[in-house]
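Every number in this text was worked out from the coordinates using simple rules, so none of it is lab data. Owing to the predicted nature of the structure, the values given are computational and were not obtained by experimental measurement. No Cβ is skipped: glycine too gets one built from the backbone with ideal geometry, and neighbour counts run over all protein chains shown.
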Amino acid sequence: MDSVAIFIIQESHLPCPATLYLMQIGSLTIENPFVLAPLAGYTDLAFRLLCREYGAGLCYSEMISAHGLVYQQQNTLDMIRTDPTERPVAMQLFGTEPEIMGQAAAILSKQPIDLIDINMGCPVKKVIKKGSGAALLRTPIIAERIIKEVVKNSRVPVTVKTRTGWNHQQIIAEDFAKMVEEAGASAITLHARTWTDGFSGQVDWEMIKKVKEKVAIPVIGNGDLLCHDDGLAMLKQTGCDAVMIGRASLGAPWIFSAKVNPLPSMHFRLKALSRHLELIAQLFQTDRILAKTKNHAGKYFKGMPGSSGMRQKIYETKTFQELRDLIAAVKTP
Ligand SMILES: Cc1cc2nc3c(=O)[nH]c(=O)nc-3n(C[C@H](O)[C@H](O)[C@H](O)COP(=O)(O)O)c2cc1C
């Protein structure tokens, strides 16, 4: 399916007015080209719902082990929980055996989801050692078999998230993207760094542009976008179809919407955090995920006066209710 990016500017029905664009990934239409990245430990159902409420056009789940799904491990099954109100949603698989990846895609296909993404970019040693994530950049033949197997077993369009290459001597993004397209994927996300870069070093916008010129499927650009304007600049300069934001969305789910002050008031932040805590309370056994919740909560105060004192108080809370009471008691001017 060819990439169709129609640019329409209009007001959003969402709480924060956004500039809306339409992007087509296979049969799926995305109404805002700002999408939430997969972030292990963060992009659970509550955070995805929050980001959608603040205007994200599409949200990606944390990476989900194909092996864990096929062997019905409870912690993996918990991760595929979804809700119709969060759609469109992409669930991301990682693994290295094409057959297992295909079986996992069939299981995921029974969920009410919109895309299955394949992780071909994760740099973490534990993942690399087993030949999955970014290691697949070194074994494109296996990567190709995985994509074909997942496409064959999937009810929804399949996308791939990857990096520019293994290291700076082996930048292969253009050829890899062509392979991804020919194997049947409907879009590709490029975190424009190599495996050896990890999360530092310059993000290669030029490579996003080259990949966009090389393939007909939509290209999603990713890496170090710190505010909405950064995303708009990447869209304009590289011609990519959408931009993916990861770390900068933590404690700042409004980043997906235009016209929100990039440094919003404390009142605005607390409203978002309170909503986040409300969603967590509705969806999870709150005290089981207290550490993770505190981690999220601390990020809403980033850059504000007194933020380190506030973070300290957050980390000292012993229960979810204590955390909620602490946040409810914060006075704003
Ligand atoms: C804590 C953390 C967890 C991540 N988890 C995943 C993951 O599960 N799957 C994936 O493809 N990338 C993962 N990434 C990479 C991000 O999706 C993204 O490509 C990277 O952070 C660059 O984007 P950013 O600068 O906007 O954060 C993770 C990154 C971080 C920092």
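Remarks
- Cα-based helix-to-principal-axis angle, 228-238 vs the chain, degrees rounded to 10: 20 degrees
- Listed residue (V203, G131, I147) projecting farthest to the positive dipole end of the range 4-256, Cβ model: G131
- Residue exposure sequence - E181, E322 - by fewest surrounding Cβ within 10 Å: E322, E181
- For K130, neighbours were defined as the other residues whose beta-carbon sits under 14 Å from its Cβ, and their charges (Lys and Arg +1, Asp and Glu -1) total +3.
- Computed from the C-beta positions of R247 and F268 and an R0 of 25 Å, the FRET efficiency is 0.80 to the nearest 0.05.
- Table column - 3J(HN,Hα) (Hz), the range 161-177, Karplus curve with 6.51, -1.76, 1.60, x for Gly and Pro: 10, 9, 10, 6, x, 6, 8, 6, 7, 10, 7, 10, 3, 5, 5, 4, 4
- Residues whose amide H falls under 5 Å from that of I172, counting only those 5 or more places apart or on a different chain, are G165, W166, with hydrogens built in the peptide plane.
- Amide H to amide H distances under 5 Å link E62 with L39, T43, where only residues 5 or more positions off or on other chains count and H is placed in the peptide plane.
- Residues K178, K125, sorted so that the one with the fewest Cβ neighbours within 10 Å comes first: K125, K178
- Principal-axis analysis of the Cα atoms of the chain puts helix 307-316 at an angle of about 90° to the longest axis.
- Sorted fewest first by neighbouring Cβ atoms within 10 angstrom, E278, E97 come out as E278, E97.
- Rounded to the nearest 20 debye, dipole of the range 266-328 from Cβ charges on Lys, Arg, Asp, Glu: 240 debye
- Each distinct pair of alpha carbons in the chain adds a 1/r term; the inverse of their mean, the Kirkwood radius, is 20.1 Å.
- Note that the range 288-304 has calculated 3J(HN,Hα) couplings of 5, 10, 4, 4, 5, 5, 5, 4, 4, 4, x, 6, 5, 9, 3, x, 8 Hz, one per residue in order, obtained from phi through the Karplus relation 6.51 cos²θ - 1.76 cosθ + 1.60 (θ = phi - 60°); glycine and proline are x.
- Residue ranges 195-205, 131-141, 216-226 sort as 216-226, 131-141, 195-205 when ordered by packing (mean number of other C-beta atoms within 10 Å per residue, highest first).
- Net dipole in debye of the chain [+1 Lys, Arg Cβ; -1 Asp, Glu Cβ; about Cα centre; nearest 20]: 860 debye
- Derived scalar couplings between HN and Hα for the range 276-283 equal 4, 5, 5, 5, 4, 4, 6, 10 Hz in order, rounded to whole Hz, by the Karplus curve 6.51 cos²θ - 1.76 cosθ + 1.60 (θ = phi - 60°), x for Gly and Pro.
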